[in-house]
Amino acid sequence: MSAAAPRAPILPGATLGVMGGGQLGRMFVHAAQAMGYATAVLEADAGSPAGQASQHHIAAGYTDAQGLSALAQCSAAITTEFENVPAQALRTLAAQRPVAPGAEAVAVCQDRAAEKLHFQRCGVPCAPFAVIETAQQLAAVPDALLPGILKTSRLGYDGKGQARVADRAGLAAAWASLQHAPCVLEQRLPLAHEISVVLARGADGACVHLPVQQNLHREGILAVTQVPAPDVPQALQQQAVHCAEAVAGSLDYVGVLCVEFFVLADGRLVANEMAPRPHNSGHYSIDACDVSQFELQVRAMCGLPLAAPRLHSPAVMLNLLGDLWFGADGAERQPPWAQVLALPGVHLHLYGKAEPRRGRKMGHLTVTAADAAAARAVALQVSALLGLAAY
Ligand code: ATP
Ligand code: MG
């Protein structure tokens, strides 16, 4: 089943539904409301980032039949902000309302093995890998995949559900530590850079994309995004866009899709993973592009034209993790926002999460400036004020 798009565009005034109440849902709600739509959020947590901002909040789990029915009742179309929404829930909704992206595309993105097979089908290179679901498959892993990274096939995020392994003994121990869950073992590759492509595709196959982002991760979590990508040649950026479009096209994808890539030390491009929704690396588009990834999500699900986004300002995005809410003595504190906001071109986004925890995404900020050097200079000043590492 491919994503159903509405036959006639869904116009402002209608209510748009979203599965999930996290920060991506919150920014979707903001974009939809700015365009004159109302929103409905399905999310069990009463005080969720998206639920706080939305006109309607349905407090139910993703598989709750009554909750799904209530969401379908009040929504003209439905999207998702959380990639692990059970595909069956999306199928149930799709029987009643247009749902974008569709259940089958989301199902591919939920499973690392399916995702990699899909990349290969599209002729998009990815890291050499083996699927490990049985002791036999573990024993049969080729030496060439070590040292490697063992990743659970499902439910991993921000580096969770992953273990770096050096040799066969380490591999067996790591699989045990992941409770023998179905996994993929990837060869550990020499990364020069990481980039991502955020695109939006309409039901008519029309595709637009944000400029290519260059991403820096710390401890498996995105820390910094720079646009334009400072270290990656144009031709390689074009290649990444073509790969992402091929991946979306062959899924008959409708909505916003992000594909993450590695640029290897020898200059080759390989796909890492994809997400069937707006992505953390695309948050800068709210402040630095004339169309954000969240507005593209609204337009795609409503069957409206997809305008190609234009970067009007070079940008640096810094993720704000809960660690910033703790001082050197371990006591909770407020980060020095007033000093940060005194700097030019700083756009602060906090997600309304009450409890800061280390490693938890509390917000992000985007620095825009007239040129990339100025954006970088301010981002480094912000980093120093907040106690973030320079990049
Ligand atoms: P996300 O939050 O993006 O969903 P995730 O937990 O799904 O993250 P990955 O994107 O698979 O994890 O990996 C996290 C990071 O670990 C990558 O961005 C990269 O820095 C590093 N990494 C992952 N796979 C490899 C690999 N095969 N070789 C080298 N480094 C890797
Ligand atoms: Mg990733």
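The values are calculated or read from the model by the stated rules, or taken from the named source; none is laboratory data. No experiment lies behind these values; they were computed from the predicted model shown. Heads up, the Cβs are rebuilt from the backbone with ideal geometry, glycines too, and the neighbour counts pull from every protein chain shown. Quick note on the areas: whole protein, heavy atoms, side chains included, nothing else; ligands and nucleic acids left out. Shrake-Rupley method; radii C 1.70, N 1.55, O 1.52, S 1.80 Å.
Of note:
- From the list Pro305, Pro335, Pro344, the one residue that fits, being open to solvent by 40 Å² or more (accessible area, probe 1.4 Å), more than 26 Å from Val108 (Cβ to Cβ) and touching a strand residue (DSSP E or B) at 6+ places or on another chain (Cβ under 9 Å), is Pro344.
- Which listed residue is among the basic types (Lys, Arg), more than 15 Å from ligand 1 (Cβ to nearest atom) and over 30 Å from Ala103 (Cβ atoms), from Arg299, Arg310, Arg268: Arg310
- Close contacts from the stretch 259-287, counting a first residue that is within 17 Å of His347 (Cβ to Cβ) and within 16 Å of ligand 2 (Cβ to nearest atom) and a second that is hydroxyl-bearing (Ser, Thr, Tyr) and open to solvent by less than 10 Å² (accessible area, probe 1.4 Å), with Cβ to Cβ under 6 Å and a gap of 6+ residues or different chains, come to Ser281/Ser196; Ser281/Thr225.
- Scanning the stretch 160-171 for residues that are surrounded by fewer than 16 Cβ atoms within 10 Å (Cβ to Cβ), touching a residue at least 24 places away in the same chain (Cβ under 8 Å) and either touching a strand residue (DSSP E or B) at 6+ places or on another chain (Cβ under 9 Å) or among the acidic types (Asp, Glu) (or both) turns up Lys160, Arg164.
- Within the stretch 162-187, tally of residues that are out of contact with any helix residue (DSSP H, G or I) (no Cβ under 9 Å at 6 or more places or on another chain) and among the hydrophobic types (A, V, I, L, M, F, W, C): 6
- Thr152 open to solvent by 30 Å² or more (accessible area, probe 1.4 Å) and not acidic (Asp, Glu): no
- Within the stretch 189-276, strands (runs of 3 or more DSSP E) holding 2 or more residues that are closer than 20 Å to Asp111 by Cβ and open to solvent by less than 20 Å² (accessible area, probe 1.4 Å): 255-264, 269-275
- Some residue of the stretch 241-254 being aromatic (Phe, Trp, Tyr) and within 16 Å of ligand 2 (Cβ to nearest atom): no
- Given (1) within 27 Å of Leu199 (Cβ to Cβ); (2) open to solvent by 60 Å² or more (accessible area, probe 1.4 Å); (3) touching a Phe, Trp or Tyr at 6+ places or on another chain (Cβ under 7 Å), index of the condition Met317 fails: (2)
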